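Nothing in this text is a laboratory measurement; each read-out follows from the coordinates by a stated rule. Quick caveat, the model's predicted, so the values are computed rather than measured. No Cβ is skipped: glycine too gets one built from the backbone with ideal geometry, and neighbour counts run over all protein chains shown.
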Amino acid sequence: MKNLKKGIAALLAVLMCVALFACGGKTTPSASPSETPSESPSPSASAPVEPAKNYKVGIIQIVEHPSLDEVRTSFIAELAAKGFVDGQNITIDYKNGQGDMTNLNTIAQGFANDKYDIIVAIATPSAQAAQAATSEIPIVFSAVTDPVDAGLIDSLEKPGANITGTSDWISAVDIIKLANDLTPGFKTIGTIYNSGEANSVSTVNDLKAYAAENGLTIVEQPITNTSELQQAAQTLSNKCDIVFIPTDNAVASAMPIAAEVFNAAKIPLYVGADSMVTDGGFASYGVNYTNLGKETAAMVVDVLGGKAPAELPARAIPVTDIYINSVTAAILGVTIPEEILNNAKIVGE
Ligand code: TRP
């Protein structure tokens, strides 16, 4: 989705204005008109939103892995910084789906039945479960790779229904270009991903299109859950020159297993997120998940302030940093060129 990137700067500018206006406005969500606060906070650009009632916020997360945990922690901290403190004036109910779609559906249905004021869905499968559970309660998703491809919104600019949120879209092409700079000469790219995750399918499709145009061969080793990861990595390690793994939740939740196999085979392992580099992958070009959590909190505050998700543009945060694991680089025997080293975040030291 090329247009995701283009709209980012313009959207951020517009949304900052929206956020400023929301600061002086009422804080009642459209779902609960009966609880309109009696006093109107005096409008001031710098004043935080006055939390007017005890909102029930349901957080649903597909699985626990470092990137998603970083998003959630940052989201909750930023909400508090904006005046919405768990246990004081909001109640945050966090539930983890343990990597299982059936669990996600049960959790989302529970939030809907209990009439939560807002559902915050972290990662694509969580957002899809929330979408299936309610068309009325506002949903703000976070860290969804491609919300249009995943069928969550009509477009970034006009989401269209009760759902909006933030995207961590990454460029498979840019990561392969990074691979060209770090470990040139590859012909065959292996990839492992959960075929049930729309986020991964979308990134792998971008990878395949680039490979087709550039005479590269893609070897796919799809999995259906984390327990298949070790075997898939082992099989793939005999069949490719480098590996690319997208921001796949099933792989990320057991990332050290994949890293161990490919590092032992001395195959450069390129990945979609910084945490996957920290967990032993070689390199990535990705987004900052702490910033993503903050952006998500800002959107949640807007929605609690009465903005309809249908009209609140979704935001893709820009890819900002190259991440390289120096321990993995040493195992692979790769020397990082100076220009890249100077612009990269080095982990593993
Ligand atoms: N983008 C993923 C999704 O849409 C979620 C995600 C964010 C992720 N960061 C990650 C997955 C890091 C794996 C690794 O579901």
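For the reader, a short list of remarks on this structure follows.
- With Cα atoms as the point set, the radius of gyration and Dmax of the stretch 212-273 evaluate to 11.3, 34 Å.
- Rounded to the nearest 20 debye, dipole of the stretch 222-289 from Cβ charges on Lys, Arg, Asp, Glu: 140 debye
- Remark: 101, 255, 276 ranked as 101, 255, 276, counting other beta-carbon atoms within 10 Å and listing the fewest first.
- Neighbour net charge for residue 341 - beta-carbon separation under 14 angstrom, K R +1, D E -1: -4
- Label-point separation, residue 132 to residue 180 (7 Å along Cα→Cβ), nm: 4.0 nm
- Debye, to nearest 20: dipole size of the stretch 98-202, +1 on Lys, Arg Cβ, -1 on Asp, Glu Cβ: 200 debye
- Span-like helix criteria (full DSSP H runs; alpha carbon extent of at least 30 Å along the helix axis; mean Kyte-Doolittle hydropathy of at least -1.0) are satisfied in the chain by 2-24.
- Dipole-positive endmost among 155, 202, 87 within the chain (Cβ charges, Cα centre): 155
- Lys, Arg +1 and Asp, Glu -1 on Cβ, resulting dipole of the chain about Cα centre, debye, nearest 20: 360 debye
- Relative contact order (%) - the chain, alpha-carbon pairs under 8 angstrom, separation at least six: 20 percent
- Close amide H contacts of residue 245 (hydrogens built in the peptide plane, cut-off under 5 Å, sequence separation of 5 or more or a different chain): 270, 271, 272.
- log10 of Debye I(q)/I(0), alpha-carbon scatterers only, for the stretch 156-243 at 0.23, 0.24 Å⁻¹: -1.19, -1.25
- Charge sum, other residues only, whose C-beta stays under 9 Å from residue 145's C-beta, Lys/Arg counted +1 and Asp/Glu -1: -4
- Note on the chain: Kirkwood hydrodynamic radius from all Cα pairs is 20.7 Å, rounded to one decimal.
- Ranked by the mean number of other Cβ atoms within 10 Å per residue, highest first, peptides 323-333, 81-91 order as 323-333, 81-91.
- Sum of side-chain charges, residue 244 neighbourhood, beta-carbon under 13 Å (Lys, Arg +1; Asp, Glu -1): -3
- Among 290, 166, 106, the residue with the largest mean-square fluctuation in a Gaussian network model of the chain, with springs joining Cα atoms closer than 10 Å, is 106.
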